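Here's the structure, in C-alpha cells; my notes come after.
The values are calculated or read from the model by the stated rules, or taken from the named source; none is laboratory data. The model shown is predicted, which means the values in this text are computed figures rather than measured ones. In this analysis, Cβ positions are derived from the backbone assuming ideal geometry, glycine residues included, and neighbour counts consider all displayed protein chains.
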Amino acid sequence: MARQRILSGIQPTGDLHLGNYLGALRNWVDLQKDYDCFLFMADLHAITVPHDPTVLAENTYKTAAIYLAAGIDVDTVSTIFVQSHVTAHSELGWLLTCITPLNWLQDMVQFKEKAIRQGEKVGAGLLCYPALQAADILLYEPDKVPVGEDQKQHLELTRDITIRMNDQFGTPDDPVLKMPEPMIRKEGARIMSLTDGSKKMSKSDPSDLSRINLLDPPELIQKKVKKCKTDPARGLEFDNPDRPECHNLLSLYMLMSNQTKKAVAEECREMGWGQFKPLLAETIVEGLRPIQEKYHEIRGDEGYLESVLQRGQEKANAIAHQTLSKVKQAMGYTIPS
C-alpha cells in the first residue's frame, strides 16, 4: 500500500527559531516515518513584505541546511525543494487568484494585521499570497497538511478554493483538485515569545531577545533565557492564565527534555526562577547541539546541498506539472505537446 503524502514549508526569512523547530521541523521528522514528506522553502512568499535581496538566497540555503540538520531524510522518504525552482507554483497561484473572490482574501486575518503595519506601502502580493499558498498545497495532492492553529484559516481558504475550482471546472465524478485535510498537532504547535508570553515567537519580532534561534551559540542562549520575562511568584505551574510566561517556559522545557507534562509539573513545582532558568538554558543548549553540529557540517559541503535541492526540484516538478496540466486543461487552455 502506497504511503500517504504530506506537504509543508517555511519562509526563508530571518533565522529559524525554537518555535519553528518545535512547531514544525521536529513534527516533520516524526511524520516522515509514516508519510512521504514534501517540504519546501517558501521563498516566493518571502517577498510579500519588504525584503533584502542580498540575503534571500543565503537564507534559503540556510533553511534547507537546517531541514537536513534537524533530521529530514532525503535519501529514502522525504523531498525538500525551493518553491521558486518549481515554476508551477507561480502559474497555478495566478490561476487560483483569478477564481478567488476578492472578499475572501480581504478577510484573511494575517493580511489585515500586516496591512495595518505596512499602511499605504502594502503590496498586492500580501493580499493574493493565500491563493499562492493554496497552489503550494494543491500541486502535490497531499493527503494531510500539517498546520498550526494560526494557519487553520489559510487551509480553510484552500479547501474553499478547491470546492470553487471543482464546481466550476470539474464534475462530482471527476474533480479537478484533491481536497486537502488538516493535520493539527496541539502539543508544541504554538511556542510563545520570551518577552511576552501572550505573543507567538516570531522571526519578525524586532527584539532578538524574544526568541531562541536554532543557530544561537550556547552563551547567547543562556543570556536570552536569563533575561526572559517571568513573574515574582515562587513555584512553577502550567495552565495558569495569569502566568503565561511560566506556562510557556515550562512547555519549552517539557518539549526540549522530551518529558511528559505531569513529570515536568512535579519536577518544577517547588522551583524558583533562579533554579529553573539555568536548567532550561542547559536543556536547550544540549538539545540544539547536534542540530548545530550537523548544520555546520552540511554548510561545509555546498555541493551536497546543491545536489539535494536539484533532486528535490526534479521530483517536485514532475508531480506539480501533472496537477498544473490537469487544471489548465479543465480551464480551457491548450497544452503544448
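In summary, no helices (runs of 4 or more DSSP H) completely within the stretch 237-299 bear 2 or more residues that are free of Cβ contacts under 8 Å to residues at least 12 places away in the same chain and of a type in the set (K, R). Within the stretch 119-162, work out how many residues are without any contact (Cβ under 8 Å) to a residue 60 or more places away in the chain, in a helix (DSSP H, G or I) and on the phi < 0 side of the Ramachandran plot. Qualifying residue count for the region: 21. Just to be sure before I move on: is I80 in contact (Cβ under 8 Å) with a residue 60 or more places away in the chain, out of contact with any Asp or Glu (no Cβ under 8 Å at 6 or more places or on another chain) and farther than 21 Å from T162 by Cα in the structure I sent? For I80, the condition - in contact (Cβ under 8 Å) with a residue 60 or more places away in the chain, out of contact with any Asp or Glu (no Cβ under 8 Å at 6 or more places or on another chain) and farther than 21 Å from T162 by Cα - is met. Taking the numbered list (1) touching a Gly at 6+ places or on another chain (Cβ under 8 Å); (2) under 14 Å from A320 (Cα atoms); (3) of a type in the set (S, T, N, Q) in turn, T87 passes all entries but (1). The one condition from (1) over 22 Å from A24 (Cα atoms); (2) buried (at least 22 other Cβ atoms within 10 Å of the Cβ); (3) hydroxyl-bearing (S, T, Y) that S78 does not meet is (1). Residue-level check: of (1) closer than 30 Å to C98 by Cα; (2) among the polar types (S, T, N, Q); (3) surrounded by fewer than 18 Cβ atoms within 10 Å (Cβ to Cβ), S207 misses just (1). Taking K178 and the conditions (1) surrounded by fewer than 17 Cβ atoms within 10 Å (Cβ to Cβ); (2) part of a strand (DSSP E or B), which numbered condition does it fall short on, given that it satisfies the others? Checking K178 against (1) surrounded by fewer than 17 Cβ atoms within 10 Å (Cβ to Cβ); (2) part of a strand (DSSP E or B), the one that fails is (2). Per the listing T13, T76, the residue uniquely under 12 Å from the mean Cα position of the chain (by Cα) and part of a loop (DSSP other than H, G, I, E, B) is T13. Screening the stretch 221-236 for residues that are assigned to a loop (DSSP other than H, G, I, E, B) and under 27 Å from the mean Cα position of the chain (by Cα) and picking the one that is surrounded by the fewest Cβ atoms within 10 Å (Cβ to Cβ) gives K229. The listed residues are V285, V308, and the only one of them that is farther than 21 Å from I191 by Cα and modelled with pLDDT of 95 or more turns out to be V308. Taken over the stretch 36-52, residues that are assigned to a loop (DSSP other than H, G, I, E, B) and more than 17 Å from L139 (Cα to Cα) amount to 5.
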